[in-house]
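Report on the structure given below.
The values are calculated or read from the model by the stated rules, or taken from the named source; none is laboratory data. In this text the structure is predicted, and so the values were computed from the model without any measurement. A quick note on method: Cβ atoms are made from the backbone with ideal geometry, for glycine too, and the neighbour counts reach across all protein chains shown.
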Amino acid sequence: MAKKVLIIGSGLGSLATALRLTSKGYEVEIVEKFHRPGGRLNIIEKDGFSFDMGPSFFSMSYEFTELFKSCGVQNPLKLNELNPLYAVYFEGREKPFMIHKDLAKLAQEFAGIEPDMERKTRAYLEAAGKIFHDTEDIVIKRNFNGTADYLMQLSRVPWKHAPKMFRSMWKELDGRFDSQEVKVIFSLVAFFLGSTPFQTPAVYSLLNYTELIHDGYWNVQGGMYQIVTKIKEILDTRGVKFHFNTEIVKVHQSGSRVTGFEDANGKIWTADIYVSNSDAASFRGKVLNRKKYDTPKLDEMDWTLSPFTIYLGVKGRLENLKHHNYFLGNNFEDYASTIFKTSVSPKKPYYYVNVSSRSNPESAPDGCENLFILCPMPDLRYKPDWSDSEDLADNIIADLSNRIGYDLKANTLTRTVMDPVHWQNNFNLYRGSGLGLAHGLNQIGAFRPSNKDEEFSNLYYVGASTVPGTGLPIVVIGSRLVTERIEKEHAGV
Ligand SMILES: Cc1cc2nc3c(=O)[nH]c(=O)nc-3n(C[C@H](O)[C@H](O)[C@H](O)COP(=O)(O)OP(=O)(O)OC[C@H]3O[C@@H](n4cnc5c(N)ncnc54)[C@H](O)[C@@H]3O)c2cc1C
């Protein structure tokens with residue numbers, strides 16, 4: 001008889017794991033707290049507009065190719081490559097910098113600003129590429145059996161990269177480039193890890209390599225939620241049952257085995273094997289009551305920034321906005337090093353704007369655009385009070401209107417604001433942290449909550465806060481790692 005796996009949560013990590021496990025003959029059932037699958041990879045549909053709720057693009061698209069191929073299904077996703085990758089607007093400079101993958105073209109953008117840009121960029125990206133290829137298989141794409149195994153694997157990474165583990169990304173860029181603009185732009189990838197370039201180790205310059213050289217950035221035709229829709233369609237044909245509005249709150253055990261999980265209504269869900277796609281650190285604390293993950297300990301950990309997001313449907317075409325745009329001020333070092341630990345909303349926020357109707361016209365009515373605005377904010381440990389949400393949204397919308405020369409407020413047809421409290425409550429994101437645990441050296445590899453439970457022999461984890469880490473392709477890799485573990489430890493059980 002097929003072994004049954006219960007997955008708690010239906011984020012991308014869950015869906016990808018369900019796809020892999022059903023391909024290997026397991027029976028899978030999924031319980032989800034929210035009313036729709038996808039977790040952070042979600043959708044808002046309102047007043048004729050649709051918005052990607054969270055992720056709007058990704059790198060390492062080949063991880064999706066691998067997922068579908070290894071499960072014996074045709075890849076149902078149609079991807080658009082972003083070219084240029086994005087536009088960066090600095091306060092007081094009308095023309096944005098267009099970030100091209102063609103490095104000669106990129107250098108032209110910085111003519112008169114960064115001398116010898118092309119040569120410097122090639123040298124920087126070559127070093128970053130070496131880190132990527134020297135660590136991808138050793139650190140990212142494998143399971144570790146404890147710290148000793150991890151350190152042993154790490155010792156295979158060439159020693160020449162070691163200094164970059166201890167210097168910050170900002171310091172690395174400062175040593176290689178002269179202009180503030182280039183340093184700031186190349187350091188934006190640190191925010192994709194949910195941190196700042198001053199805290200992020202320079203090894204993560206590998207993200208500049210993945211964006212500019214390796215695989216670039218992609219989004220999905222028809223909107224990012226197609227990833228969820230298409231995987232769920234396959235899972236439906238395989239008989240996977242989904243139960244929404246069902247939050248797991250308690251574990252039942254017998255010795256070192258989980259015998260069931262109880263939901264908030266007292267119903268007990270049973271299976272042979274369990275996978276938690278709920279945050280791997282806070283689930284251990286809140287549902288399993290582990291001391292190592294109680295609230296004071298969770299609060300001491302490094303968490304990624306919280307999202308403050310606005311979804312704006314507007315009348316009119318915003319021809320001067322690209323699909324992906326960053327709006328920055330001129331006080332980057334000051335802003336990035338202070339803003340994330342304060343309880344006060346910024347007067348002049350930095351933010352990211354995505355207009356998916358530029359490449360997916362069906363996501364907005366004719367003659368309209370859909371804007372997704374993301375402003376990274378301190379998590380709820382630092383700023384618990386979000387009663388100023390609507391004011392902050394007004395402030396950001398007014399700033400954006402000024403900078404693109406279009407009155408967004410007067411042309412707004414629909415508006416939704418999600419602050420860190422919404423993100424926390426909708427998806428159980430700890431203190432509203434958008435990307436889960438941070439990726440400092442003390443919280444990766446064997447130092448990140450493992451994908452195998454410490455005490456229960458039949459409980460596993462997948463998602464942003466377990467290995468290898470956060471981001472769509474990385475979570476897809478995580479689904480492969482957890483499936484490998486389950487296969488190895490439960491074959492024939
Ligand atoms: C605003 C924002 C923008 C982002 N942009 C990008 C991007 O552009 N590119 C990119 O690659 N990544 C991006 N990310 C990161 C990416 O969304 C995540 O890394 C990824 O989606 C995490 O997937 P996951 O498998 O951890 O599941 P999650 O999305 O965390 O889903 C977990 C699910 O479990 C459910 N759950 C939790 N606890 C319980 C419980 N006790 N009982 C039942 N159900 C439970 C939750 O409701 C949720 O549906 C972004 C994230 C945010 C927030």
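Quick notes
- Scanning segment 1-35 for residues that are aromatic (F, W, Y) and over 13 Å from E487 (Cα atoms) gives a single hit, F34.
- Filtering segment 281-312 to residues that are among the small types (G, A, S) and either at pLDDT below 95 or touching a strand residue (DSSP E or B) at 6+ places or on another chain (Cβ under 8 Å) (or both) leaves A281, S306.
- Sole exception among (1) away from the ligand (no atom under 16 Å from the Cβ); (2) at pLDDT 95 or above for L79, by number: (1)
- Applying the criterion of at least 3 residues that are small (G, A, S) to the helices (runs of 4 or more DSSP H) found wholly in segment 276-394 leaves 280-286.
- Segment 452-485, subset touching a Leu at 6+ places or on another chain (Cβ under 7 Å) and aliphatic (A, V, I, L, M), residue farthest from W303 (Cα to Cα): V476
- Residue list for segment 8-20, restricted to those being more than 9 Å from the ligand (Cβ to nearest atom) and farther than 17 Å from T229 by Cβ: R20
- Considering S205, S187, S195, S168, the condition of being within 16 Å of the chain's Cα centre (by Cα) and either under 17 Å from F332 (Cβ atoms) or buried (at least 22 other Cβ atoms within 10 Å of the Cβ) (or both) is satisfied by S195 alone.
- Scan of segment 418-463 for residues that are β-branched (V, I, T) and touching a residue at least 60 places away in the same chain (Cβ under 8 Å), ordered by number: I444, V462
For (1) within 23 Å of the chain's Cα centre (by Cα); (2) buried (at least 17 other Cβ atoms within 10 Å of the Cβ); (3) over 19 Å from Y311 (Cα atoms); (4) of a type in the set (K, R), each residue gets a yes or a no:
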residue	(1), (2), (3), (4)
W386	yes, yes, no, no
N402	no, no, no, no
D407	no, no, no, no
T412	no, no, no, no
R415	no, yes, no, yes
L429	yes, yes, yes, no
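- Test set (1) of a type outside the set (D, E, K, R); (2) within 16 Å of the ligand (Cβ to nearest atom); (3) assigned by TED's automatic domain parsing to the domain that holds E484; (4) touching a Ser or Thr at 6+ places or on another chain (Cβ under 8 Å) - S23 fails condition number: (2)
- Selected residue [in the same structural domain as L472 (by TED's automatic domain parsing), of a type in the set (K, R) and more than 16 Å from the ligand (Cβ to nearest atom)] from R317, R257: R257
- Test: A87 is more than 11 Å from the ligand (Cβ to nearest atom), surrounded by 14 or more Cβ atoms within 10 Å (Cβ to Cβ), among the aliphatic types (A, V, I, L, M) and free of Cβ contacts under 8 Å to residues at least 24 places away in the same chain: no
- Scanning segment 33-76 for residues that are within 14 Å of the ligand (Cβ to nearest atom) and over 19 Å from the mean Cα position of the chain (by Cα) yields K33, H35.
- Exactly one residue among N75, N42 is free of Cβ contacts under 8 Å to residues at least 40 places away in the same chain, of a type outside the set (A, V, I, L, M) and over 17 Å from A271 (Cβ atoms), and that residue is N75.
- If you filter segment 332-344 down to residues that are surrounded by 19 or more Cβ atoms within 10 Å (Cβ to Cβ) and modelled with pLDDT under 85, you find that the one that is farthest from the chain's Cα centre (by Cα) is I339.
- Check on N289, within 13 Å of the ligand (Cβ to nearest atom), among the polar types (S, T, N, Q) and over 30 Å from E63 (Cβ atoms): no
- Test: residue in segment 403-423 that is within 16 Å of the ligand (Cβ to nearest atom), within 30 Å of I273 (Cα to Cα) and in a loop (DSSP other than H, G, I, E, B): no
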